[in-house]
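Q: First, the structure itself, so that you have it in front of you.
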Amino acid sequence: MGLFDFLKHDKHKQAEQTEQQAAAPGGAAPPTPSDTGSKYTDAAAATKAAAERMAAAAPKAAMPPKAPMPPAAAHPAPAAPSGHAAAHKAVPVPPKPAPAAKKRTYTVKPGDSLSAIARRELGNEARWRELYALNRGVIGANPDLIHPGQVLTLPG
């Protein structure tokens, strides 16, 4: 059944119902199509009327009572999370700490530089910046000035 057939069928059904109401004793006069068409001239009025009918038909106990609003503060304090709300949120599991790996260290020898140590111990002399960043507290502000005997921590 197509849309237009459905509408024709519905219109035919309404006509039969109005005939039955008119035939019933004491029945009110059925509304004519011109009366119902002029009742609502636009969709906004129809929507507003439907909302008013629904609000009137709604049970009063179902609607929560409106609580009086406290006077507005200049800057309201943020609400503290309740234990009930926090219990329903997923809590991420912290990652397990890696097994304590033995830190590799290197003792500076005479003639060493950070790039030479990085090349020998880390396999790439360009990693001297990483070596310096990890040992800045031992080396100091000048990465070119390292002293024999300093113990440097090697990155993993």
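Q: If a residue has to be touching a helix residue (DSSP H, G or I) at 6+ places or on another chain (Cβ under 6 Å) and either of a type in the set (Lys, Arg) or open to solvent by 90 Å² or more (accessible area, probe 1.4 Å) (or both) to count, how many in region 126-156 make the cut?
A: 1
Q: Here is a further query. Pro99 versus (1) open to solvent by 70 Å² or more (accessible area, probe 1.4 Å); (2) in a loop (DSSP other than H, G, I, E, B); (3) modelled with pLDDT of 75 or more: which is the lone unmet condition?
A: Evaluating Pro99 over (1) open to solvent by 70 Å² or more (accessible area, probe 1.4 Å); (2) in a loop (DSSP other than H, G, I, E, B); (3) modelled with pLDDT of 75 or more leaves (3) as the failure.
Q: Checking Glu121 against (1) open to solvent by 100 Å² or more (accessible area, probe 1.4 Å); (2) modelled with pLDDT of 70 or more, only one condition comes out false. Which one?
A: (1)
Q: Which of the residues belonging to region 119-156 are assigned to a helix (DSSP H, G or I) and either of a type in the set (Ser, Thr, Tyr) or in contact with a Pro (Cβ under 9 Å, 6 or more places away or on another chain) (or both)?
A: Selection gives Leu122, Arg127, Trp128, Arg129, Glu130, Leu131, Tyr132, Ala133, Leu134, Arg136.
The values are calculated or read from the model by the stated rules, or taken from the named source; none is laboratory data. No experiment lies behind these values; they were computed from the predicted model shown. Note: ideal-geometry Cβ built from the backbone for every residue, glycine included; neighbour counts use all protein chains shown. Protein only, heavy atoms only, side chains kept; ligands, DNA and RNA dropped before computing areas. Shrake-Rupley method; radii C 1.70, N 1.55, O 1.52, S 1.80 Å.
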